[in-house]
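Just below is one structure, and these are the notes that go with it.
The values are calculated or read from the model by the stated rules, or taken from the named source; none is laboratory data. Note that the structure is a prediction, hence the values are computed from the model and not measured. A quick note on method: Cβ atoms are made from the backbone with ideal geometry, for glycine too, and the neighbour counts reach across all protein chains shown.
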């Protein structure tokens, strides 16, 4: 099998439409692996016996279904589980997933028979867009704070990385046209359970021939057979007609594995038409098919690009033309119904929630077109909806909705409906996003109610945008005729600029009328308009010959005494030296010693920490004058002594509350390191004065006026407040209603 690579990019006509059905085919499969740290000990005479149960939330209800379990690990509060769980990945859906860690009392029993250690919620999108596709979450449980943490890592199933390069030709096909030959094309379908078939690929037709040689094409193996090389594929050949009627010529059925063998042998395959075969006793075939190429190779995937740090950026553009109706009228498409979001708001929420899972900063430029804005009330076809032309970005979906609703009070709906200015602005935003060399891709969401008035200019801009990493998603709001949008979608004929004569290098537009999803869950709208995005992303990078960046390293988590989680900086040798310790680079201050989590040790640890802090503070009370450092009122090793005394105080407190000697010593060592850090921090932030007594600049590790306390100020929340307040709903309320 060939190594991952991109072959020469085919022309637009070499990659006709890939057939896909909503919810029918997952983009990929992910293998989730798990480990836990500092789990609550729920067993009296031994340690907990943890096991992870994985649940996925239904796309159509609030119910959760179990999708897999790890093995049970006996007597272990820090287990690394061997058994992984495989889940389907749908880019176009928000896939809520829940990890429940149980202390197993009855290995074959139901969940109600086990003891809950804790649970964590997230989404598949959050996992695959995280650095290293790894996240760590605190476990939550009722009436217990310290439950430990779970780390989840995702890896794409290798079979999902395979692609097939195929080429077919035909000989002596049946003649179907009365005054000519045939205009043959073929359709490939894969078998479903129950005996039905799903179409996955349709070729172009070739005019007036009985011996067609179709263009080569490439498909992910996952599209063809979901990774099952023995799954039956049905190959149907038809005669194309201008009136849309398809005349059946013949078919055959075989697996992809069998196609590989036929390609190697050069043997022909009979096309069979059952209706003709039934009538003719000497019937042999309706022509034959030759598989000229069937090559299976490993190809870069959308998940590979995400793993390498691909930044997905959303740009939104909203139609504010008069055809929407005056915004204060209940008949207006922009009417703010206090009981139900209007179609614009529903589309923004549905699409934005999916895409922003892959946007690291969550900032979205939001534009409007077709309105009179500002003091001059000049008509604008691309204005910042938040009123700030220099900074049109807002934060997350809620920011988009707030800016949209506020703007309705400050603009006058006008016209006409022009897309080109917004597309040009999106191209500028994309070009800015890649100046740093980062791999990035922009999705422009256009929400419109009417017939486009600058179609030729819009097509010209789309042909130019096809050369860049941009996709355009158009959602038609209301009941207008959207024939022009079907032209822009270019599923039948590629876009061609009348001004330059250029043809779009790839398909980049997807159009969906909102009315088709009225009364249904908005997630179905998002699925329809976004399901092509991953393929368009991969096609763009392939066209440019760009491979995914190397995988990003996962953020290394560390764990505090409580149930909060932070990514703490490492202890440096310099800070360790200040504490009188020998410290290896990368040693973490926040890693608890064995046995320190939970239990009655809080009072002793707190007392020791206070004592250690006071001693360390006294040891560090010094300053510099005249360029000469004045010694503190202790010997030269006072910092180390203070750290040692602090560690001893903590160790004594731990032993006083029932911990064994080894645990106490471990906790004391941690406190000594923390005390040394405090000493070093005081040294770093001490005021420098020159000979005249004037303060002079001193380097700060995290910027001027910062104090080093183990994490950059403002970057990590205080203990007990992670995740940041307001960012995640309280326990029992996730996902948001």
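The table below gives the values:
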item	result
Residue tally, condition touching a strand residue (DSSP E or B) at 6+ places or on another chain (Cβ under 6 Å) and not in a loop (DSSP other than H, G, I, E, B), over the range 132-152	12
Those residues of the range 307-321 which are under 19 Å from residue 550 (Cβ atoms) and outside any loop (DSSP other than H, G, I, E, B), in sequence order	307, 311, 312
Selection status of residue 199, part of a strand (DSSP E or B), more than 30 Å from residue 69 (Cβ to Cβ), at pLDDT below 95 and in contact with a helix residue (DSSP H, G or I) (Cβ under 7 Å, 6 or more places away or on another chain)	no
Pick from the range 283-303, criterion out of contact with any strand residue (DSSP E or B) (no Cβ under 7 Å at 6 or more places or on another chain) and over 30 Å from residue 174 (Cα atoms), ranking: surrounded by the fewest Cβ atoms within 10 Å (Cβ to Cβ)	300
Sole exception among (1) crowded, with 21+ Cβ neighbours inside 10 Å; (2) under 18 Å from residue 540 (Cα atoms); (3) modelled with pLDDT of 90 or more for residue 464, by number	(1)
Filter result for the condition that a residue is within 30 Å of residue 188 (Cβ to Cβ) and not in a loop (DSSP other than H, G, I, E, B), over 344, 297	297
Residue within the range 373-385 that is touching a helix residue (DSSP H, G or I) at 6+ places or on another chain (Cβ under 9 Å), crowded, with 21+ Cβ neighbours inside 10 Å and in a helix (DSSP H, G or I) present	no
Check on residue 440, farther than 28 Å from residue 342 by Cα, touching a residue at least 40 places away in the same chain (Cβ under 8 Å) and under 24 Å from the mean Cα position of the chain (by Cα)	yes
Hits in the range 36-60 - residues which are more than 22 Å from the chain's Cα centre (by Cα) and either without any contact (Cβ under 8 Å) to a residue 40 or more places away in the chain or not in a loop (DSSP other than H, G, I, E, B) (or both)	36, 37, 44, 45, 46, 47, 50, 51, 52, 53
Residue in the range 490-503 that is in a helix (DSSP H, G or I), assigned by TED's automatic domain parsing to the domain that holds residue 319 and over 27 Å from the mean Cα position of the chain (by Cα) present	no
Members of the range 129-151 found to be surrounded by fewer than 21 Cβ atoms within 10 Å (Cβ to Cβ), farther than 19 Å from residue 40 by Cα and modelled with pLDDT under 95, listed by number	131, 132
Boolean, residue 354 is at pLDDT 95 or above and either in the same structural domain as residue 522 (by TED's automatic domain parsing) or touching a helix residue (DSSP H, G or I) at 6+ places or on another chain (Cβ under 6 Å) (or both)	no
Residue tally, condition part of a strand (DSSP E or B) and either more than 43 Å from the chain's Cα centre (by Cα) or exposed (fewer than 15 other Cβ atoms within 10 Å of the Cβ) (or both), over the range 230-245	0
Selected residue [modelled with pLDDT under 95, in contact with a helix residue (DSSP H, G or I) (Cβ under 7 Å, 6 or more places away or on another chain) and farther than 30 Å from residue 449 by Cβ] from 552, 530, 525	552
From the options 167, 207, residue that is in a loop (DSSP other than H, G, I, E, B) and in the same structural domain as residue 274 (by TED's automatic domain parsing)	207
Filter result (crowded, with 20+ Cβ neighbours inside 10 Å and out of contact with any helix residue (DSSP H, G or I) (no Cβ under 8 Å at 6 or more places or on another chain)) within the range 82-92	85
Verdict on residue 328 being assigned by TED's automatic domain parsing to the domain that holds residue 420, over 30 Å from residue 90 (Cβ atoms) and modelled with pLDDT under 95	yes
Single residue of the range 24-35 satisfying the filter (surrounded by 16 or more Cβ atoms within 10 Å (Cβ to Cβ) and part of a loop (DSSP other than H, G, I, E, B)) that is modelled with the highest pLDDT	27
Residue match in the range 506-517 (condition: part of a loop (DSSP other than H, G, I, E, B) and at pLDDT below 90)	no
The range 472-489, subset touching a strand residue (DSSP E or B) at 6+ places or on another chain (Cβ under 6 Å) and part of a helix (DSSP H, G or I), residue nearest to residue 423 (Cα to Cα)	488
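Let's see how each residue does on (1) surrounded by fewer than 19 Cβ atoms within 10 Å (Cβ to Cβ); (2) assigned by TED's automatic domain parsing to the domain that holds residue 267; (3) within 30 Å of residue 551 (Cβ to Cβ):
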{"residue": "173", "(1), (2), (3)": "no, yes, no"}
{"residue": "178", "(1), (2), (3)": "yes, yes, no"}
{"residue": "186", "(1), (2), (3)": "no, yes, no"}
{"residue": "197", "(1), (2), (3)": "yes, yes, no"}
{"residue": "214", "(1), (2), (3)": "no, yes, no"}
{"residue": "217", "(1), (2), (3)": "no, yes, yes"}
{"residue": "224", "(1), (2), (3)": "no, yes, yes"}
{"residue": "228", "(1), (2), (3)": "yes, yes, yes"}
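Quick grid of which residues meet (1) more than 25 Å from the chain's Cα centre (by Cα); (2) over 24 Å from residue 349 (Cβ atoms); (3) surrounded by fewer than 21 Cβ atoms within 10 Å (Cβ to Cβ):
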site	(1), (2), (3)
369	yes, no, no
389	yes, yes, yes
398	no, no, yes
419	yes, no, no
426	no, no, no
453	yes, yes, yes
456	yes, yes, yes
